[in-house]
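Enquirer: First the structure, which I've put down as structure tokens, then a few questions once you've had a look.
Readers should treat all values here as calculations from the given coordinates under stated rules, not as data from a laboratory. Since the structure is predicted, the reported quantities are computational estimates derived from the model, not experimental observations. Please note: Cβ atoms are built from the backbone with ideal geometry, for glycine as well, and neighbour counts cover all protein chains shown.
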Amino acid sequence: MVVSVDYRLAPEHPYPAAVEDAEASTRWLAAHAPGLGGDPGRLAIGGDSAGGNLAAGVAIEAARRGWPCAVQLLVYPATEEDVNQVFGAEDAQHWVWPDWPNSPWWKSLR
């Protein structure tokens, strides 16, 4: 079973709306998995880009709170605000991803 979560987006819904949606949907799915033909013990959490960031946060909370999470799958997650720091300014701006498209997103978290 694969479930895709539609979470609230910034800036209309600032932080922590998306995180709350991701956590609530994970808890709901774990509680209702047996009735849907799923196994909560085999729950995987994943996402890409900003969804990868949310998936990472939900997996961390799952570990802290004892929620089920057997697997975490992150595809190019947005987990670092400053790509220049990770890759070097010249490489990041040319080969990886320039920082200017992410600036509004990271600022919405403050």
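Enquirer: Report the local net charge at E20: Lys and Arg +1, Asp and Glu -1, summed over other residues whose C-beta lies under 15 Å from its C-beta.
Expert: -2
Enquirer: Return L74, L54, L36, L9 ranked ascending by Cβ neighbour count within 10 Å, so the fewest neighbours appear first. Show your work: numbers first, answer last.
Expert: Details: L74 19, L54 25, L36 9, L9 14.
Fewest-to-most ranking of L74, L54, L36, L9: L36, L9, L74, L54.
Enquirer: Would you please name the GluC sites (Glu not before Pro) within region 1-58 that are DSSP coil residues with at most 11 other C-beta atoms within 10 Å of their C-beta?
Expert: Details: sites: E12, E20, E23; in loops: E12.
Counting only loop positions with at most 11 other Cβ atoms within 10 Å, the GluC sites (Glu not before Pro) in region 1-58 are E12.
Enquirer: Most exposed first by the Cβ proxy, i.e. fewest other Cβ within 10 Å, how do D6, D21, D48, D39 rank? Please list the in-between numbers first.
Expert: Working: D6 7, D21 17, D48 14, D39 11.
With the fewest neighbours first, D6, D21, D48, D39 line up as D6, D39, D48, D21.
Enquirer: If I model a spin label as a point 7 Å beyond the Cα along the Cα-Cβ vector, how far apart are those points for V75 and A31 in nm?
Expert: It is 2.9 nm.
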